[in-house]
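Participant: The structure's right below; bear with me while I get my questions together.
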Amino acid sequence: MKTRTVLLNFLIQFFSYESYLEIGVYDNDFNFKHIRCKYKESCDPAPDAQAMFRMTSDDYFRQNKRKFDLIFIDGLHHSEQVIIDIANSLKCLNKGGTIVIHDCLPTTEEMQLIPWTTQGDWTGDTWKAFVHYRQMNKNLSMFTVDTDWGCGIIRKGRQELLVPGCEINYHNFNKNRRSWMNVVQTSELENALLKTETKDFPAAVISGLKYFGNLIASAGSKSMLSLHKSKR
C-alpha cells in the first residue's frame, strides 16, 4: 500500500472523517479503492479513468453541492490548475477538514518541468501552488510531510506569510525547500497537526498520531530526499 494511502486513512480514522473527495484518480487501485471512508467521490477527465465523475476538476466543482472532510488533490500537476483546485477545495471543505496535495517535493529539476517531456518520475510544478498559498493566505496552516514525493497538508488556521526574497524557480526552491514547503518528517507529524488546531484533540487522536511514523515505516517509506522510485 502506498504511503499516501496510509496517510489519508490515518487522517480519516483519527479525525473521524466521514466524507472524502479524490481529484485525479485514473485507476482506482492506485489509491481510491483502498480509502476507508463512509462516503467517497472522485473525478478524473481521462476517457478510461475509473472515476465516479468523468470530468475535469473545474467542471466537477461547478456542479458539486457537497462538502467534504478530506480532499486529496492528485489531478493535473500544473501549478496554475493546482492553485484553482485548492481554491475550489477550500470552498467545499468541512470545518476541521484537511486538504492533501500529492507530489509537492520533486528531487530534480527535470521531474517538475512543464510540459512533461522526460521518461520516468514526474511531479509537475505542484510545489509552486503550495508556495503561492504560503505567500498569499494567512488563514491557513500548511506543511509538507516528507513522504511519497511530498504530501502537502492544508488546514484552516493561521500562518505567517512566506516571504521568499527571491525568484520562484526550481533553483531557489531546491535551496529553500524545507522552509518554503515547511517540511516535516513523519516522526514530526504529531506536533505539526497539533499546531493546526485551536482546540484540544481527542485523546485517541493524540495517542494515534504517535504511531504514524511506525505506520509509514511499515509501508516502506523513506525520506523523500533519498527516495528514488516510480510515481505510480
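The values are calculated or read from the model by the stated rules, or taken from the named source; none is laboratory data. The structure displayed is predicted, hence computed values, not measured ones. Cβ placement follows ideal geometry from the backbone for every residue including glycine, while neighbour counts extend to all protein chains displayed.
Participant: Say we look at segment 22-59 and pick out the residues that are assigned to a loop (DSSP other than H, G, I, E, B) and touching a Gly at 6+ places or on another chain (Cβ under 7 Å); which of these is farthest from LEU7 (Cα to Cα)?
Facilitator: Ranking the qualifying residues of segment 22-59, first place goes to ASP44.
Participant: Ok, one more. Name, by its number, the condition in (1) over 21 Å from ASP74 (Cα atoms); (2) in contact with an Asp or Glu (Cβ under 8 Å, 6 or more places away or on another chain) that does not hold for VAL183.
Facilitator: Evaluating VAL183 over (1) over 21 Å from ASP74 (Cα atoms); (2) in contact with an Asp or Glu (Cβ under 8 Å, 6 or more places away or on another chain) leaves (1) as the failure.
Participant: So which residues in segment 62-121 are of a type in the set (Val, Ile, Thr) and touching a residue at least 40 places away in the same chain (Cβ under 8 Å), if there are any at all?
Facilitator: Listed by number, the residues that qualify are ILE71, ILE73, VAL82, ILE83, ILE86, THR98, ILE99, VAL100, ILE101, THR107.
Participant: Can you go through LEU113, LEU90 and tell me which one is out of contact with any strand residue (DSSP E or B) (no Cβ under 6 Å at 6 or more places or on another chain), within 17 Å of LYS156 (Cα to Cα) and surrounded by fewer than 20 Cβ atoms within 10 Å (Cβ to Cβ)?
Facilitator: Within the list LEU113, LEU90, the selection yields LEU90.
Participant: Also, I was wondering about something else. State which residue is surrounded by the most Cβ atoms within 10 Å (Cβ to Cβ) when the search covers only segment 126-172 and only residues that are more than 18 Å from PHE10 (Cβ to Cβ) and small (Gly, Ala, Ser).
Facilitator: ALA129
Participant: Which of the following residues is modelled with pLDDT of 95 or more, under 21 Å from VAL131 (Cα atoms) and among the aromatic types (Phe, Trp, Tyr): PHE72, PHE32?
Facilitator: The conditions single out PHE72.
Participant: For GLY165, work out the one condition from (1) among the small types (Gly, Ala, Ser); (2) out of contact with any Leu (no Cβ under 7 Å at 6 or more places or on another chain); (3) in contact (Cβ under 8 Å) with a residue 12 or more places away in the chain it doesn't fulfil.
Facilitator: It fails just one condition, (3).
Participant: Kindly state which helices (runs of 4 or more DSSP H) lie completely within segment 83-199 and contain at least 2 residues that are among the hydrophobic types (A, V, I, L, M, F, W, C) and modelled with pLDDT of 95 or more.
Facilitator: In segment 83-199, 126-136, 170-180 are the helices (runs of 4 or more DSSP H) which contain 2 or more residues that are among the hydrophobic types (A, V, I, L, M, F, W, C) and modelled with pLDDT of 95 or more.
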